[in-house]
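**Q** Sending over a structure as structure tokens; questions will come in a sec.
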Amino acid sequence: MKDEHQATEEVVIKEYPKSTYWLEGHQVMAVGNLVLTNERLAFLRQVVLSEKEIETLQKLSQEATANTLIQFALSLHKKNFQLPLSSIVSVKMGLYSILPVRPCMRVYYKSASKKEKTVSFLFTVPLLKRLLLSEFPTLGWIRAINKAVKAKNQP
């Protein structure tokens, strides 16, 4: 019985601790953080927390599961969103701009109405790391999401 509970427990696979831009076309819709778990992909907008919210977050971070923490973070802004891994069709690389070259990640998913939609993300990388090409998060995220979706869809 304990093994069944552990198999369904939500676990954070990857998160981008720096800023991520949520894009629609070439317009930045919001700045926040991206979190990938074994159940969902969540975008959490940056918000200024009240003292009460900070206390709640500190308490949850010590006691709560990943699921509870993400649900709390999603509740902090009404325009945060999440995509269940089961609704993601594919994840590909796109271009936000050609000069300078700024790759973005495009996530294709099925909406509740079964229409295919797209959401895009641009990862901010510090200038020095960009110049040295020492960090290229877009490809890592694409691989991680595709692997998580494949694992979720296997019986």
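**Q** Here are E39, E24, E116: which of them is of a type outside the set (G, A, S), touching a residue at least 12 places away in the same chain (Cβ under 8 Å) and in contact with a helix residue (DSSP H, G or I) (Cβ under 9 Å, 6 or more places away or on another chain)? Break it down stepwise before answering.
**A** Values: E24 fails: in contact with a helix residue (DSSP H, G or I) (Cβ under 9 Å, 6 or more places away or on another chain); E116 fails: in contact with a helix residue (DSSP H, G or I) (Cβ under 9 Å, 6 or more places away or on another chain).
Within the list E39, E24, E116, the selection yields E39.
**Q** Can you name every residue in the stretch 19-36 that is in contact with a Leu (Cβ under 8 Å, 6 or more places away or on another chain) and not small (G, A, S)?
**A** Of the residues in the stretch 19-36, the ones in contact with a Leu (Cβ under 8 Å, 6 or more places away or on another chain) are 20-21, 23, 28-29, 32-35.
Correct list: T20, Y21, L23, V28, M29, N33, L34, V35.
**Q** Please go through the stretch 94-132 and give me each residue that is within 15 Å of the chain's Cα centre (by Cα) and of a type outside the set (F, W, Y), ordered by number.
**A** First pass over the stretch 94-132, keeping only residues within 15 Å of the chain's Cα centre (by Cα): 104-109, 118-124.
The answer is C104, M105, R106, V107, T118, V119, S120, L122, T124.
**Q** If you don't mind, there's one more thing I want to ask. Say whether the condition of being in contact with a Phe, Trp or Tyr (Cβ under 6 Å, 6 or more places away or on another chain), of a type outside the set (A, V, I, L, M, F, W, C), more than 16 Å from L36 (Cβ to Cβ) and at pLDDT 90 or above is met by at least one residue in the stretch 94-105.
**A** Initial filter on the stretch 94-105 (in contact with a Phe, Trp or Tyr (Cβ under 6 Å, 6 or more places away or on another chain)): 102, 104-105.
Now drop any that are not of a type outside the set (A, V, I, L, M, F, W, C), which leaves 102.
Next, only the ones that are more than 16 Å from L36 (Cβ to Cβ) stay: 102.
Checking the rest, the ones that are also at pLDDT 90 or above come to none.
No: zero hits.
**Q** Related question: Consider S87 carefully, then state whether it is modelled with pLDDT of 90 or more, touching a Cys at 6+ places or on another chain (Cβ under 6 Å) and surrounded by 13 or more Cβ atoms within 10 Å (Cβ to Cβ).
**A** Values: modelled with pLDDT of 90 or more: yes; touching a Cys at 6+ places or on another chain (Cβ under 6 Å): no; surrounded by 13 or more Cβ atoms within 10 Å (Cβ to Cβ): yes.
Answer is no for this residue.
**Q** Scan the stretch 110-155 residue by residue and report those that are within 23 Å of I98 (Cα to Cα), at pLDDT 85 or above and either hydroxyl-bearing (S, T, Y) or in a helix (DSSP H, G or I) (or both).
**A** T118, S120, T124, T138, L139, G140, W141, I142, R143
The values are calculated or read from the model by the stated rules, or taken from the named source; none is laboratory data. A quick note: this is a predicted structure, and the numbers were derived from the prediction, not measured. All Cβ positions, even for glycine, are placed from backbone atoms using ideal geometry, and neighbour counts span all protein chains on display.
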